[in-house]
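Below you'll find the structure, written out as structure tokens, and then a few comments.
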Amino acid sequence: MSFEYILVETKGPVTTITMNRPAVLNAITPAMHHEMQAAFDRFAEDSSQYICVVTGAGERAFCAGSDLKAAAQNGITGNTYPKNGYAGLIERYDLAKPVIAAVNGIARGGGFEVALACDLIIATENASFGLPEPLVGAVALGGGVHRLARQIGLKRAMAMALTSEPVSAQEGLALGFVNEVVPPEQLRDATERWCETILRGAPLAIRATKATMMRGLDEASLAQALKAQASYPEFATWRVAEDTKEGPRAFAEKRKPNWQGR
């Protein structure tokens, strides 16, 4: 499958999706939304791929959000998003595989929303994040106002959303939506380190962990989450998986587990 606006690379069990319009800060066009939908679909369906990394081409930006020139032509609310919403990601609620945002430079508007939709955010020291939509008469409806409030708390999220003021990577780390801040030249190595650390675990156990945590947040209480977890599809798959037997077996035999992802 070939793409015009993104790059897709696989290295072992890791897929990297790179938004590839560096001249315009990787701003997303309607066609790019659909390319990203296709790339995420392929990652989700490929049993050999365990982790997805999302990043931006160039040194200036992860993603500046929507391409406003395209929005001006189509109308600011005229974009037609693919099945899973903005960038094919922000409404992809059934993806249990981990997704990591490797943020280089600015992440604004929809670009910040893409990062917030990922499970982890690794950012460079020159990265910054913000929801400037009101400055162009828009609203951060690609999950920004909802995810930010859930991830950092109402008052801090409200301050970012109402003022449109960006925050630095270090501020993002302090607020809790950034996991690690590194020098720009170390972003790739840091992201690979996170991937390698996650890959030590059994793939289906990792997926069950993510899915159970996310689904549990939707339950009415901790007690209900504990009661309901056995009914989650990812939990049920993990429980009878071959890897679930391999883990204790390898521990007893004092060897490294041989995960098969099944």
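The values are calculated or read from the model by the stated rules, or taken from the named source; none is laboratory data. On a predicted model such as this, the values are computed, not experimentally measured, just so you know. Using ideal geometry, Cβ is built from the backbone for each residue, glycine included, and neighbour counts are taken over all protein chains shown.
For segment 1-33, which positions are more than 23 Å from T197 (Cβ to Cβ), out of contact with any Ser or Thr (no Cβ under 9 Å at 6 or more places or on another chain) and of a type outside the set (S, T, N, Q)? Listed by number, the residues that qualify are M1, F3, E4, P22, A23, V24, L25, A31, M32. Of the residues making up segment 218-232, those that are in contact (Cβ under 8 Å) with a residue 12 or more places away in the chain and either loosely packed, with under 12 Cβ neighbours inside 10 Å or not hydrophobic (A, V, I, L, M, F, W, C) (or both) number 2. Residue pairs whose Cβ atoms lie under 7 Å apart, sitting 6 or more positions apart in sequence or on different chains, and linking a residue in segment 90-109 that is within 14 Å of I28 (Cβ to Cβ) to a partner that is crowded, with 20+ Cβ neighbours inside 10 Å and among the acidic types (D, E), are I90/E113; G109/E133.
Within segment 1-15, if we keep just the residues that are within 14 Å of Q37 (Cα to Cα) and in contact (Cβ under 8 Å) with a residue 40 or more places away in the chain, the residue that is farthest from the chain's Cα centre (by Cα) turns out to be M1.
If a residue must be part of a helix (DSSP H, G or I) and of a type in the set (D, E), how many such residues does segment 207-262 contain? Spell out how you get there, then give the answer.
From segment 207-262, those part of a helix (DSSP H, G or I) are 207-217, 222-231, 233-239, 242-252; that's our starting set.
Applying the additional criterion that residues be of a type in the set (D, E) yields 234, 242-243, 246.
Residues meeting the conditions: 4.
Taking A107, is it under 26 Å from N179 (Cβ atoms), at pLDDT 95 or above and surrounded by 20 or more Cβ atoms within 10 Å (Cβ to Cβ)?
For A107, the condition - under 26 Å from N179 (Cβ atoms), at pLDDT 95 or above and surrounded by 20 or more Cβ atoms within 10 Å (Cβ to Cβ) - is met.
Per this entry, L204 is not counted among residues that are over 26 Å from N84 (Cα atoms), modelled with pLDDT of 95 or more and either surrounded by 13 or more Cβ atoms within 10 Å (Cβ to Cβ) or not small (G, A, S) (or both).
Applying the set (1) among the small types (G, A, S); (2) free of Cβ contacts under 8 Å to residues at least 40 places away in the same chain; (3) not assigned by TED's automatic domain parsing to the domain that holds G109 to A208 leaves exactly one unmet item: (2).
Specify the residue that is nearest to N126 (Cα to Cα); the eligible residues are those in segment 1-20 that are touching a strand residue (DSSP E or B) at 6+ places or on another chain (Cβ under 8 Å) and in a loop (DSSP other than H, G, I, E, B). Step through it out loud before you land on a result.
Restricting attention to segment 1-20, the residues satisfying the condition of being touching a strand residue (DSSP E or B) at 6+ places or on another chain (Cβ under 8 Å) are 1, 5-10, 13-20.
Filter once more, so that each one left must be in a loop (DSSP other than H, G, I, E, B): 1, 5, 13, 20.
Details: M1: 33, Y5: 24, P13: 29, N20: 19 Å.
Looking at the filtered set, the residue picked out is N20.
Scanning segment 21-49 for residues that are closer than 21 Å to L204 by Cα, touching a strand residue (DSSP E or B) at 6+ places or on another chain (Cβ under 7 Å) and in a loop (DSSP other than H, G, I, E, B) returns a single hit, Q49.
Quick grid of which residues meet (1) in contact with a Phe, Trp or Tyr (Cβ under 7 Å, 6 or more places away or on another chain); (2) within 30 Å of E246 (Cα to Cα); (3) touching a residue at least 24 places away in the same chain (Cβ under 8 Å):
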{"position": "A117", "(1), (2), (3)": "no, no, yes"}
{"position": "L120", "(1), (2), (3)": "yes, yes, yes"}
{"position": "A123", "(1), (2), (3)": "no, no, yes"}
{"position": "G130", "(1), (2), (3)": "yes, no, yes"}
{"position": "S168", "(1), (2), (3)": "no, no, yes"}
{"position": "G172", "(1), (2), (3)": "yes, no, yes"}
{"position": "A190", "(1), (2), (3)": "no, yes, yes"}
{"position": "R193", "(1), (2), (3)": "no, yes, no"}
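For (1) under 28 Å from I121 (Cα atoms); (2) touching a Leu at 6+ places or on another chain (Cβ under 6 Å), each residue gets a yes or a no:
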site: F177; (1), (2): yes, no
site: A208; (1), (2): yes, no
site: W238; (1), (2): yes, yes
site: P248; (1), (2): no, no
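Tell me yes or no: at least one residue of segment 227-242 is under 22 Å from the mean Cα position of the chain (by Cα), among the aliphatic types (A, V, I, L, M) and either over 24 Å from L89 (Cα atoms) or not assigned by TED's automatic domain parsing to the domain that holds L120 (or both). First the steps, then the outcome.
Taking segment 227-242 first, the residues under 22 Å from the mean Cα position of the chain (by Cα) are 232-235.
Pick out the ones that are also among the aliphatic types (A, V, I, L, M) and you get none.
Within segment 227-242, not a single residue is under 22 Å from the mean Cα position of the chain (by Cα), among the aliphatic types (A, V, I, L, M) and either over 24 Å from L89 (Cα atoms) or not assigned by TED's automatic domain parsing to the domain that holds L120 (or both).
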